[in-house]
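J.: Please find one structure pasted underneath; my questions will follow.
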Amino acid sequence: MDQWRNYKSETIKPQWQVIDGAMVLTEKGGRDIVTKEKFGYFDLRLEWTIAKGGNSGIMFRVDEQTTKRLAWMVAPEFQLYDSYTVKGKPERAAGALYGLAGAPAGITKKPGEWNQVRILLEPSGDGNAHLQCWLNDTRTIDLIIDHAPGSEWSKRIAKRNEQTKGTKFELPDEFFKTASGPILLQDHGARISFRNIRIRKLNSTAVQSNPGSQKNRYVFSVKGKKVCLNGNEFKVIGLRCSNALVSDADVAELIDNLDVFKSYGVNTVSVFFMGSRFGDVKGYLPDASLESVYTARMARIIEQADRRGMVVLVGCLYWSNSRAKENLGHWKQANANKAVANTVRWLKEHNFRNVFIDPDNEGMASKATGWSIKKMIDAAHQVDPSFVIGYNNKAAAPDNADILLHHSPKDGVRAYIESEGSPGNTPGGYWGSFSKSDGYYNYIRIGRYTAQMKNSQIDAARDNITNHAGYMLASTWIQCAPHEGIGGPFMTPGGRAVNPDINDDIKELQSDAGILWWLQWVKSTYGPWNPPATTKSP
């Protein structure tokens, strides 16, 4: 307690006490407390627990010279809240940056249990600051603090001020513009305890390794017609989980099943920043920057895949039947290039290397707009040429593509992966009338297969795994959406799809729907996935 004092005071009120090794606000009236030391860039870790229904926060770079009465009026607040008991807006939940960036649901512990927090504010390398926050090992905030007009940060400020204009919550021009300041723990009236408080001051040039980079174990690369993991040749056997970012619950379900999929032989999953059909995942903002809600979800998947020696195909643009692009109608080639470049930049900043990238799913954006996928690939390579950038379009592949995917013609020189393998011998075509119905905003016949469809898919998988670099199964089971009461996507094996009545109640889920039949074939043919030895991060 001797390192703390009340905000704008040299003393500390008696309501703040040390109890059983924790720093406790015992009752209302203790007022906010701040560190005696000032911090510009820092790495803060602590644990907290709060009374039922309680509210508090952590603020940083607090400006005690401001004429504003309260610290939160000029400093950002990492929200501490009993979100276990009280449900509300994501921007006010525990783990949020209050009023500016929301946090996922379901990560706060019960009142009385200890929550873990990490707040990392470090130089971004371009003169700005990079803010990342974690609550109970879930990254909730990932933002570049760039005060320039038009930046994502400035747009967040403007959006909040538009919503709070004329109230005390409207942010002044001075908000979060001090170069350094104390760290503050808020008295919001509730009993709250803090323990294991550790603050490490960072210098203004060195970028610290975040948990993603520290724990990065695997690097995906290409070598001619082969793909490699940590330099070891392997065959991609994967699942197209393109809509996994739809919700935090779907992300959690996918992560919970990674070990299950791995036990069947799966080593790769694909996840798209714009989701896929019916997913409505708005991973890109109108200025082509990444939406932090979806980067946080993607980061969780990539980190967890890396821990298991698995690979993630990161998808960028999806330009088909989805609301994901409804705010991007003004985009030109430069915007598409920027979106792809920003994706690679984000992957680089977090040192995610167990990945490869599909800039434009099936060339949909290119076909709809005339944009050049080659230019998108160039934009990605300009950020970092070591990332593997794919090409997925029926036209001849450009010479700058590192790997060929799905629709791309094979050239016998570069590695080819069937990244969206679906069954032949399907009445109406698998992605045609078999799975879609006019006016219905989701798939039909979800997770249903005839014996002929299964045999066709198994034959295609065997051919691509034997003769090319790999195969990734695509299925309505793992790609469907929540709409029409379905509640998808389903990030589980599901059932063996043996019900022969594939045309019975086509908008309902059959009890044995799923892809377990394919996973069982993979395991019986190739065995569980055993990744190569780990490597240190580059």
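J.: Here is a check on your reading of the model: is K436 surrounded by fewer than 23 Cβ atoms within 10 Å (Cβ to Cβ), under 21 Å from F490 (Cα atoms), free of Cβ contacts under 8 Å to residues at least 40 places away in the same chain and in contact with a Phe, Trp or Tyr (Cβ under 7 Å, 6 or more places away or on another chain)?
T.: Working: surrounded by fewer than 23 Cβ atoms within 10 Å (Cβ to Cβ): yes; under 21 Å from F490 (Cα atoms): yes; free of Cβ contacts under 8 Å to residues at least 40 places away in the same chain: yes; in contact with a Phe, Trp or Tyr (Cβ under 7 Å, 6 or more places away or on another chain): yes.
In short, yes.
J.: For the stretch 55-81, what are the residues that are surrounded by 24 or more Cβ atoms within 10 Å (Cβ to Cβ) and touching a Pro at 6+ places or on another chain (Cβ under 9 Å)?
T.: Of everything in the stretch 55-81, those that are surrounded by 24 or more Cβ atoms within 10 Å (Cβ to Cβ) and touching a Pro at 6+ places or on another chain (Cβ under 9 Å) turn out to be M59, F60, R61, V62, V74.
J.: Within the stretch 153-198, which residues are in a loop (DSSP other than H, G, I, E, B), closer than 20 Å to A96 by Cβ and of a type in the set (G, A, S)?
T.: Once the filter is applied, which keeps residues that are in a loop (DSSP other than H, G, I, E, B), closer than 20 Å to A96 by Cβ and of a type in the set (G, A, S), the stretch 153-198 yields G189, A190.
J.: Also: Filter the stretch 99-138 down to the residues that are more than 18 Å from the chain's Cα centre (by Cα), part of a loop (DSSP other than H, G, I, E, B) and buried (at least 21 other Cβ atoms within 10 Å of the Cβ) and list them by number.
T.: Across the stretch 99-138, the qualifying residues are G99, T108.
Yes/no per residue for (1) of a type in the set (D, E); (2) touching a Ser or Thr at 6+ places or on another chain (Cβ under 9 Å); (3) in the same structural domain as S154 (by TED's automatic domain parsing):
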{"position": "S276", "(1), (2), (3)": "no, yes, no"}
{"position": "Y284", "(1), (2), (3)": "no, yes, no"}
{"position": "V312", "(1), (2), (3)": "no, yes, no"}
{"position": "G315", "(1), (2), (3)": "no, yes, no"}
{"position": "S320", "(1), (2), (3)": "no, yes, no"}
{"position": "H330", "(1), (2), (3)": "no, no, no"}
{"position": "Q333", "(1), (2), (3)": "no, yes, no"}
{"position": "T343", "(1), (2), (3)": "no, no, no"}
{"position": "D358", "(1), (2), (3)": "yes, yes, no"}
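J.: With the requirement that a residue be out of contact with any strand residue (DSSP E or B) (no Cβ under 8 Å at 6 or more places or on another chain), modelled with pLDDT of 95 or more and among the polar types (S, T, N, Q), what does the stretch 347-385 give you?
T.: Matches in the stretch 347-385: T369, S372, Q382.
J.: Right, next: Being closer than 7 Å to G421 by Cβ and touching a Lys or Arg at 6+ places or on another chain (Cβ under 7 Å) is the filter here, so list the residues in the stretch 457-483 that pass it.
T.: M472, L473, A474
J.: Return the residues of the stretch 420-439 that are modelled with pLDDT of 95 or more and in contact with a helix residue (DSSP H, G or I) (Cβ under 6 Å, 6 or more places away or on another chain); say none if nothing qualifies.
T.: Residues satisfying the conditions are G421, S422, P423, T426, S435.
J.: For the stretch 251-288, which residues satisfy the criterion of being surrounded by fewer than 24 Cβ atoms within 10 Å (Cβ to Cβ) and either among the acidic types (D, E) or on the phi > 0 side of the Ramachandran plot (or both)?
T.: Scanning the stretch 251-288 gives E253, D256, D259, G265, D280, D287, A288.
J.: Among the candidates L185, L239, which residue alone is at pLDDT 95 or above and in contact with a helix residue (DSSP H, G or I) (Cβ under 8 Å, 6 or more places away or on another chain)?
T.: On the way: L185 fails: in contact with a helix residue (DSSP H, G or I) (Cβ under 8 Å, 6 or more places away or on another chain).
After ruling out the rest, the residue left standing is L239.
J.: Also: Could you grab me the full set of residues in the stretch 37-94 that are in a loop (DSSP other than H, G, I, E, B) and polar (S, T, N, Q)?
T.: Within the stretch 37-94, the subset in a loop (DSSP other than H, G, I, E, B) is 37-38, 40, 51-54, 60-70, 74-76, 82-89, 93-94.
Answer for the stretch 37-94, where residues must be in a loop (DSSP other than H, G, I, E, B) and polar (S, T, N, Q): Q65, T66, T67, S83, T85.
J.: If I filter the stretch 466-473 for residues that are without any contact (Cβ under 8 Å) to a residue 40 or more places away in the chain, within 27 Å of E233 (Cα to Cα), among the polar types (S, T, N, Q) and surrounded by fewer than 17 Cβ atoms within 10 Å (Cβ to Cβ), do I get at least one hit? Show your work before the answer.
T.: To start, the set of residues in the stretch 466-473 that are without any contact (Cβ under 8 Å) to a residue 40 or more places away in the chain comprises 466-467.
Next, from what is left, pick out any that are within 27 Å of E233 (Cα to Cα): 466-467.
From what's left, among the polar types (S, T, N, Q): 466-467.
So of that shortlist, the ones also surrounded by fewer than 17 Cβ atoms within 10 Å (Cβ to Cβ) come out as 466-467.
The answer is yes; a qualifying residue exists.
J.: Can you name every one of the helices (runs of 4 or more DSSP H) wholly within the stretch 451-538 that holds 3 or more residues which are of a type in the set (S, T, N, Q)? Give the steps one after another, and end with the answer.
T.: Working: elements: 451-467, 476-479, 516-526.
Passing ranges, in order: 451-467, 516-526.
J.: On to the next question. Which of the residues belonging to the stretch 506-520 are among the charged types (D, E, K, R) and over 18 Å from A481 (Cα atoms)?
T.: Result: D512, single match.
For every residue, the table says whether it meets (1) touching a helix residue (DSSP H, G or I) at 6+ places or on another chain (Cβ under 7 Å); (2) modelled with pLDDT of 95 or more; (3) of a type in the set (A, V, I, L, M, F, W, C); (4) over 30 Å from D411 (Cα atoms).
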site: T167; (1), (2), (3), (4): no, no, no, yes
site: D173; (1), (2), (3), (4): no, no, no, yes
site: A179; (1), (2), (3), (4): no, no, yes, yes
site: S204; (1), (2), (3), (4): no, no, no, yes
site: V222; (1), (2), (3), (4): no, yes, yes, no
site: L229; (1), (2), (3), (4): no, yes, yes, no
site: A252; (1), (2), (3), (4): no, no, yes, yes
site: G265; (1), (2), (3), (4): yes, yes, no, no
site: T268; (1), (2), (3), (4): no, yes, no, no
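J.: Out of all the residues in the stretch 466-476, is one or more touching a Ser or Thr at 6+ places or on another chain (Cβ under 8 Å) and more than 21 Å from V311 (Cβ to Cβ)?
T.: The answer is yes, given that some residue of the stretch 466-476 is touching a Ser or Thr at 6+ places or on another chain (Cβ under 8 Å) and more than 21 Å from V311 (Cβ to Cβ).
J.: Can you go through S242, S276, S263 and tell me which one is among the hydroxyl-bearing types (S, T, Y), part of a helix (DSSP H, G or I), out of contact with any His (no Cβ under 8 Å at 6 or more places or on another chain) and closer than 27 Å to G106 by Cβ?
T.: On the way: S242 fails: part of a helix (DSSP H, G or I); S276 fails: part of a helix (DSSP H, G or I).
The unique qualifying residue is S263.
J.: Sort through N392, N400, N354 and tell me the only one that's within 17 Å of W319 (Cα to Cα), in the same structural domain as K223 (by TED's automatic domain parsing) and either free of Cβ contacts under 8 Å to residues at least 12 places away in the same chain or not aromatic (F, W, Y) (or both).
T.: Residue meeting the stated conditions: N392.
J.: Could you list all residues from the stretch 482-517 that are surrounded by 24 or more Cβ atoms within 10 Å (Cβ to Cβ) and closer than 30 Å to I403 by Cα?
T.: Residues satisfying the conditions are P489, F490, M491, G514, I515.
J.: Can you tell me which residue among E253, E233, E291 is free of Cβ contacts under 8 Å to residues at least 40 places away in the same chain and out of contact with any Gly (no Cβ under 8 Å at 6 or more places or on another chain)?
T.: Values: E253 fails: free of Cβ contacts under 8 Å to residues at least 40 places away in the same chain; E291 fails: out of contact with any Gly (no Cβ under 8 Å at 6 or more places or on another chain).
Result of the check over E253, E233, E291: E233.
J.: Can you find a residue that is at positive phi and not assigned by TED's automatic domain parsing to the domain that holds I144 anywhere in the stretch 365-373?
T.: yes
The values are calculated or read from the model by the stated rules, or taken from the named source; none is laboratory data. Treat the numbers as computed from the prediction; the structure is a model and nothing was measured. Cβ: placed from backbone, ideal geometry, glycine included. Neighbour counts: every protein chain shown.
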